[in-house]
Structure formats: structure tokens, C-alpha cells
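Everything on this sheet refers to the single structure shown next.
The values are calculated or read from the model by the stated rules, or taken from the named source; none is laboratory data. From a predicted model like this one, the values you see are computed outputs, not experimental measurements. For neighbour counting, all protein chains shown are included, and Cβ atoms are generated from backbone atoms with ideal geometry for every residue, glycine included.
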Amino acid sequence: MENRKLIELKGICKSYDGEQVLKNIDLTVYDNEFMTLLGPSGCGKTTTLRMIGGFEAPDSGEVWFDGKMINEVPAYKRQVNTVFQRYALFPHLNVYENVAFGLRINKTPEEEVSRRVKEMLQLVNLAGFEKRHVTTLSGGQQQRVAIARALIMKPRVLLLDEPLGALDLKLRKDMQNELKNIQKRTGITFIYVTHDQEEALSMSDTVVVMNAGQILQVGRPIDIYNEPANAFVADFIGESNIVDGIMKEDYVVNLAGRDFPCVDKGFEKGQPVDVVIRPEDIDIVPAEKGMLTGKVTQVTFMGVHYEVIVDINDFLWMIQTTDFVSEGSEIGIYIEPDAFHVMPKSEWSEIFGDYSSYSMEHDLLSENTGEEEEE
Amino acid sequence: MKRSLAQRSVIAPHVVWSVLFIIAPLLFMLFYAFTGPDGSFTFENVSRLFTGNYVLIFVNSLCLALIATVICLIIAYPLAYVFTKLTPKWQKICMLLLMIPLWMNFLITTYSWMTILEDTGIINTILGKIGLSVHMINTPGAVVVGMVFCYLPYMVLPIYSVMSGIDHKLIEASQDLGASSRQVLTKVVLPLSVPGVISGITMVFVPQVSTFYISQKLGGGTFQLIGDTIESYFTGVSVNYHFGAALSLILMVLIIISMGVMNHFADPEDVTGRPML
């Protein structure tokens, strides 16, 4: 990836009615990258996107674009285009005129409009839909019109605000691939907002995890997953067992009452830490051979694997395994040294416990997925 | 489909109302329009319309209503647009100010306009101080002023309601695609508010065509509108229900034709995608 800085946010703060929604945001977006702003509802990701689009002005801080400060540049003069959350297609225009809208605004000659609209509709697989009224299209088709309408302007940056939020799962997967392909083919920088961590991990070059108006971590998807910066990121991205621990010395962490070899170093001796162990990194072994032993309290079949909840000294661990174990059985667990990820304590540490409220958490998550972000 | 008793009893009042106050009067009108004083069938009432100056009266009424409607639109559209830009609190206050004249009897407002427009009225008194005098009362202009004042809210309300319903995301989307404020107005707000304009015109034009009291008081009887003419055949010295009904019938037909023409331009199934204005 090229390392040319395209967009820079410097110390952005924003409040609505006395409530601070962005707290000193610093962010650099490089040319040609696919960046995702990921976070729960109300974390400030949409507001951040709208700052770049020019629909919100920061209370303090600077927005830089290609080496120029653009705080005062209105939305219609910025070299960015947006795919809005609910498409926001013009209901009084047909597919062709919706896509042609921007070109007509800047008075492009008719032959060029016709040629470029045709190209765009081909790019998003909507050739032949020119005369269709946008209100007669399906959600996925409307979504693609919205993408074509933005891309035809040849923006330097395309902003996408939860563009796939209203689509069903199958269609969403297809559109994720399509979007990624479009991004590769056109080489346009994408800034993508979502609360869906899977979407963020599978599509992005860079993921920015946000919560409560702050940026918690910026990194490649694999780094965000394997090396979460704190308990919030670890919990938000994928499943994780977050255990209180103490760093005995370099390469030795103490948790659940015993010492484990690990690969982390550089902490002070005796420093309290959060330790993340991903459920898929835990091996189930016979009880007598286990590093720790416990009783299976719940087994859920998930298709590819089982999710097993194990009670180890009153702390409920989640294990993902392809081997079946029965509820109530005593098992041992084995964890490789590199499966321990040690993080310093943070303001998020106390929020996340074990999996005792597991089923409740699932309910919450499934409720959240259908929810629109109100910011 | 057979309706249940509950369903019947819910729609019954509406049916009774429609029969008593819409269908029956229409049948009466048709009956009177096509019968003579002796009750026999005749076309005489309708053919009499094309004698004398009745055609001119019709043309006058339509023209005056058209002018007043256009003026209403010219005032109401920017007003509605400005209203949508205000904070919710100020929108409520402005709506209230707009509605208050509607709560006053329109006879009173018409009389007020008489005292304002008279040769010895408020305007001329003020103009007199600087040695000017404009004759306003008893002119077509005075009638138009009265009509515009009476019906302006009916034009503002539907336009405002459609405009304030436009999704703000559409405005942002057009700005995002490079539209300046002026282009947002002409390319997005204007075409999307056409339904409001159409219903505003409908609500204003129809009563203005058949207006009668305003024209008498502010026009001073110097020229007759169709509303006055119809009234004179039902209440005046020359009572003639049959001819009055024929006049009403033709007026109704004319209004239906104008509405048909108008709705043609507001066809929601407009598949060309280009707003027709």
C-alpha cells in the first residue's frame, strides 16, 4: 500500500446539547486504502464520517484533505462522495437520472453523461435498468444505484455509511465482495462505517475501533483480532475470554490460580493485566491432563463447531471446538503459550466478565443488529 | 365481499351523509338545470348560457381566479420554503400567525379590506399626507387582493407540509454530488414539492372561481363574477332555480376540466423521471 496521507483529522471534538460525541479524534487515512470505522451504536463513527463529508463541522480540531485544511469547505465542493445509510435516492428521478445527477450538476456534455452512466451501471450490474423508477427496485438494487451515483463523480474518497445495514445476510455477503472488488478496480479510497465486526474484518485494509467518541485501536484486521489493545476491543471483535491476571515476570502470567508460560513481555513484575484467550485457541483434553479443569455447563451446536461453556473455579469460559463433549462432564483444558494475549488494564476492564450472562448477551446482540444508528 | 354488521355500522354515517348532502343536491341540480318552470325536460337553461354576457362572466371569473391563484403561489412558495428552514419552535409560531386569519369570519376580513382600500381608507389617508391618491376600491385589483388574502393559508399549508416532509438525506445527497444551495432548490426541493403545489392550487383555485361575496364588497358590483350571478338567481328579485342550477352545473364542469388538466401534470406514475413543470 502507498503511504501517501490523503485525509487527516487532528484533535476533532464535537458535542450535541452538551453531550460530547467525539473526544479529541486523531486519524490518518492513506491513499487507496479501505478503512473501516467500527464500533457500537452511538460511538461517533457516523459523526466522524460526516465531518469528512462536510455535513458536520467540528467544535474544535482540523480536517485536512490532500495537504489542505478543509474545515471551511462546504460539502458540495469537497472531492468526496457518500453512499448514505438508507440510500437517499431521488424518488422523482429514474435510475439513469439518479446516477447522472452529479454530472448534470456540473454540466457535463450529454454524450459523456450517457457514456459514463452506462459504464457505471455495468460496473454495479444494473445494465438495462436505466428507465426503471428507483422506488420499484429491491433494496440491493437501490444500494447499487446509490454506489453508482457516488462513484460516477470519480471521487478521491468514497464514504459509506452502513451501506449494507438494511440488506439480508446472503445479499450482504455478495455486496461485501462486490464492494471490495469495486474498490480494488477503481483504486478509490473507501471509508466505511459499520457496527458489524465480521464485515469490518473481511473487507478492510485498516480497521478503526471506536467507542464512546474515542478511537481505541487502529490496525490491520489481523492485528486487531490477535493483538487487541484493551478489553473493549477484545470483546467487540469476535468472542473472547477476558481473565484477570498478574504478570509474574516476562513470559509468565498468573491467572485462575496458577502460572502459565506466555509470549508477552515488557510489563512490570506483579502488574495486574487483562488476559485474552480466544475460544478457538483452547484445546479440550482429559481432566487429568488439563492445565485447568472444570465442568461443562452448556453445549451449543453452531454448525461448523460447538460452543462449550465450562465452569472453572466459578469463572465461565467459552471454548469453540469441533469435538463433542457432553454437558455435565469434567474436562481439562490446554492452552498454547502464544494463545495468551496480555493487555494492560484500561477503563474498560471491569465491564467484561465471564460468560455467565452468555445467553443474555446473545439476545442483546441480535437485538442490536436490526437497530439503526441514530446520531 | 360481505361486510359484517360492525363494518356496516362504521361506514353507515358516511353513506347517509354522502347521500343527503352530496348525491341528493347533485341530483337536484341536474333536475333543475334540465327542466323548465313547468317541470318539463328542456335544454333551454343551458343554451341560454351562451346568450347575453354570461360567457364573459365565466371568462372573467376564471381569469380573476387564475390571477389570484398565481399570486397566492408566488407568495406562498417562498414563504413555505422559509418556514421549513426555521427552528421547530418558530415554525409553530409562524403556522399559528398564518392560521389566525382563518379563524376570523371572512365577512369581517372583507369589510376590513374595504376600510383599508377605500378612497378615504387607511392607505389613501397615508398617501394623502404626501399628496398622493390611488383609487383602489371597486376595481378588479381590490377583488384579487381580497381573494389572495382569504385563500393564501390554503396554499401555504399543503406546500409547507410536503416540503417539510422531504427527507433531509436527499438534500445532503444532492450537496454531496456537488449541488449548490440554488441547485438543491431547483433540482430536488422544487420537483419534490410539486404534489404540495398541485393540492395548494386545487384548494385555492376552486373556491376562488366561485367566489361571490368578496367581489361584491371589494368590486362594488362594477363587474359581475359567476358566483354573484348564481347567487342572484337563488336569492335576488329574479329568482330562477332552473337557470341558477344550469350555471352551477357548467361551473362545476369547468372546474372538473381544469382539475383534470392539472392532475395530468402531477401524474405520480411519471416514468420519464423528469419533473414536469
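Observations
- Qualifying residue in the stretch A:143-165 (condition: assigned by TED's automatic domain parsing to the domain that holds A:THR47, in contact with a helix residue (DSSP H, G or I) (Cβ under 9 Å, 6 or more places away or on another chain), free of Cβ contacts under 8 Å to residues at least 60 places away in the same chain and over 14 Å from A:VAL83 (Cα atoms)): no
- Complete set of residues in the stretch B:226-260 that are modelled with pLDDT of 85 or more and part of a loop (DSSP other than H, G, I, E, B): B:VAL239, B:ASN240
- Answer residue from the stretch A:76-91, given it is under 19 Å from B:SER180 (Cβ atoms) and part of a loop (DSSP other than H, G, I, E, B) and is nearest to the other protein chains (Cβ to nearest Cβ) among those: A:ALA88
- Qualifying residue in the stretch B:175-184 (condition: of a type outside the set (Gly, Ala, Ser) and either more than 22 Å from A:GLU56 (Cβ to Cβ) or more than 14 Å from chain A (Cβ to nearest Cβ) (or both)): yes
- Residue that is touching a helix residue (DSSP H, G or I) at 6+ places or on another chain (Cβ under 6 Å) and over 22 Å from A:ILE333 (Cα atoms), where the choices are A:VAL208, A:VAL193, A:VAL218: A:VAL193
- Take the conditions (1) more than 8 Å from every other protein chain (Cβ to nearest Cβ); (2) touching a residue at least 40 places away in the same chain (Cβ under 8 Å); A:GLU130 misses just one of them, which is (2).
- Single residue of the stretch A:220-266 satisfying the filter (touching a Leu at 6+ places or on another chain (Cβ under 6 Å) and part of a strand (DSSP E or B)) that is surrounded by the most Cβ atoms within 10 Å (Cβ to Cβ): A:GLY245
- Strands (runs of 3 or more DSSP E) enclosed by the stretch A:293-356 - at least 1 residues per element that are under 21 Å from A:ILE224 (Cβ atoms) and within 24 Å of the chain's Cα centre (by Cα): A:315-321, A:341-344
- Test result for A:ASP168, charged (D, E, K, R), closer than 27 Å to A:GLN85 by Cα, at pLDDT below 85 and surrounded by fewer than 22 Cβ atoms within 10 Å (Cβ to Cβ): yes
- Any helices (runs of 4 or more DSSP H) falling wholly within the stretch B:33-105 and containing at least 2 residues that are in contact with a Ser or Thr (Cβ under 9 Å, 6 or more places away or on another chain): B:54-85, B:88-103
- Per-region count, the stretch A:157-169, residues of a type outside the set (A, V, I, L, M, F, W, C) and closer than 16 Å to A:ARG50 by Cα: 3
- Residue among B:LEU102, B:LEU107, B:LEU97 that is exposed (fewer than 11 other Cβ atoms within 10 Å of the Cβ) and closer than 22 Å to B:VAL156 by Cα: B:LEU97
- Those residues of the stretch A:99-113 which are free of Cβ contacts under 8 Å to residues at least 12 places away in the same chain and either away from chain B (no Cβ under 13 Å) or more than 18 Å from A:ALA75 (Cβ to Cβ) (or both), in sequence order: A:LYS107, A:THR108, A:PRO109, A:GLU110, A:GLU111, A:GLU112
- A residue that is of a type in the set (Asp, Glu), within 14 Å of chain A (Cβ to nearest Cβ) and crowded, with 18+ Cβ neighbours inside 10 Å occurs nowhere in the stretch B:162-171.
- Complete set of residues in the stretch A:42-75 that are of a type in the set (Lys, Arg) and within 14 Å of chain B (Cβ to nearest Cβ): A:ARG50
- Of the numbered criteria (1) away from every other protein chain (no Cβ under 14 Å); (2) part of a strand (DSSP E or B), the one A:ASN32 fails is (2).
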